Amino acid sequence: MHTQVFTALTIGIFLFSLSACATIDPEFADPRDPYENFNRVIHDFNEAIDQAVLQPVSEGYQAITPDPIDQGITNFFHNLDDINSLINNVLQLKIPHAMEDASRILVNSFFGLGGLFNIANDLEIPRHNEDFGQTLGYWGIDSGSYLVLPLFGPSSERDLFGRVGDFITNPLRHAPLDNTTTNTLGAVDVIDTRASLLDASRMMREATLGGDTYSFLRDSYLQRRLNAVYDGNPPEQDDFF
């Protein structure tokens with residue numbers, strides 16, 4: 001899993017370097033997306049992989065996995081994600097949020113059997129979802145141009161480097177596990193995440209009526225990331241861009 005993730009990140013950075021050398025088409029209407037031709041090629045590649053492999057596997061996983069087990073698996077990986085959120089809340093000096101993250105991790109790890117049960121939700125301890133891309137944004141790093149990464153999907157120049165930080169702090173990377181166990185957990189995480197997005201992807205295709213899913217994903221991703229960086233209170237877009 002570690003080698004595969006690192007390889008994918010390396011490919012993404014390499015492809016980004018190539019695209020950065022391309023001439024920006026002055027006819028592109030959206031200044032956030034100067035690499036649209038490149039991005040659309042990668043988007044189509046990702047869609048083909050998703051429809052041929054990830055979506056069918058995720059549908060099968062969802063069909064055969066009982067809801068309590070499915071929820072337990074999701075809870076387990078959310079508990080690991082809370083560790084990354086804790087680190088980034090500290091880096092953003094959001095100490096109250098960091099303390100809530102720490103409380104969630106302790107409660108769910110010890111009383112929730114390693115995170116399989118989300119006891120913190122029952123205790124109404126809020127969950128924060130911070131990552132290194134948001135941390136870079138918090139400290140004033142502009143999102144830069146929109147990018148679509150091979151296999152990873154929507155991103156930006158800032159979030160591309162944020163993914164490197166997330167990779168470094170990934171708890172599975174530091175767990176005392178053999179490669180087979182780590183790879184298995186990584187694969188289950190990917191499938192479980194994709195299964196949780198099945199309804200959302202169907203709604204997206206219905207909303208676009210089989211049309212341009214690329215623009216829909218781009219606009220929704222950039223808006224979601226803008227809201228995440230500013231904790232739901234972003235500046236006016238004219239000021240931001």
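When the stretch 81-108 is limited to residues that are within 19 Å of D192 (Cβ to Cβ) and of a type in the set (D, E), the one that is surrounded by the fewest Cβ atoms within 10 Å (Cβ to Cβ) turns out to be D81. I'm trying to understand the selection: among the residues of the stretch 109-141, which are under 18 Å from the mean Cα position of the chain (by Cα) and either buried (at least 21 other Cβ atoms within 10 Å of the Cβ) or not basic (K, R) (or both)? Answer for the stretch 109-141, where residues must be under 18 Å from the mean Cα position of the chain (by Cα) and either buried (at least 21 other Cβ atoms within 10 Å of the Cβ) or not basic (K, R) (or both): H128, N129, E130, D131, F132, G133, Q134, T135, L136, G137, Y138. Restricting L185, L177, L222, L172 to residues that are hydrophobic (A, V, I, L, M, F, W, C) and part of a loop (DSSP other than H, G, I, E, B) narrows the list to L177. Taken residue by residue, the stretch 180-191 has no member that is under 23 Å from F45 (Cβ atoms) and hydroxyl-bearing (S, T, Y).
Taking the stated definitions as given, is N84 in contact with a Ser or Thr (Cβ under 6 Å, 6 or more places away or on another chain), at pLDDT 95 or above and under 19 Å from G186 (Cβ atoms)? Here the answer is yes, as N84 does meet what is asked.
Within the stretch 31-54, if we keep just the residues that are surrounded by 18 or more Cβ atoms within 10 Å (Cβ to Cβ) and among the polar types (S, T, N, Q), the residue that is farthest from I191 (Cα to Cα) turns out to be N39. Cβ-Cβ contacts under 6 Å between residues 6 or more apart (or on different chains), taken from a first residue in the stretch 31-53 that is closer than 16 Å to D212 by Cβ and of a type in the set (A, V, I, L, M) to a second residue that is crowded, with 19+ Cβ neighbours inside 10 Å and at pLDDT 95 or above, are listed as I42/V148. Taking the listed residues V57, V90, the one that is more than 13 Å from D189 (Cα to Cα) and either among the hydrophobic types (A, V, I, L, M, F, W, C) or in a helix (DSSP H, G or I) (or both) is V90, with no other qualifying.
Contact annotation: residue pairs with Cβ atoms under 6 Å, 6 or more positions apart or on different chains, pairing a residue in the stretch 170-195 that is crowded, with 17+ Cβ neighbours inside 10 Å with a partner that is of a type in the set (S, T, Y), are L172/T182; I191/S58; I191/Y61; D192/T74; R194/S58; A195/S58; A195/Y61. Scanning the stretch 185-234 for residues that are of a type outside the set (D, E) and touching a Leu at 6+ places or on another chain (Cβ under 9 Å) yields a total of 8. Remark: pairs (first residue in the stretch 140-166, in contact (Cβ under 8 Å) with a residue 40 or more places away in the chain and in a helix (DSSP H, G or I); second residue crowded, with 17+ Cβ neighbours inside 10 Å and acidic (D, E); Cβ separation under 6 Å; 6+ apart in sequence or on different chains) = D166/D131.
The values are calculated or read from the model by the stated rules, or taken from the named source; none is laboratory data. This structure is a prediction, so every number in the text was calculated from the model and none was measured. Glycine also receives a Cβ, built like all others from the backbone with ideal geometry; neighbour counts cover every protein chain displayed.
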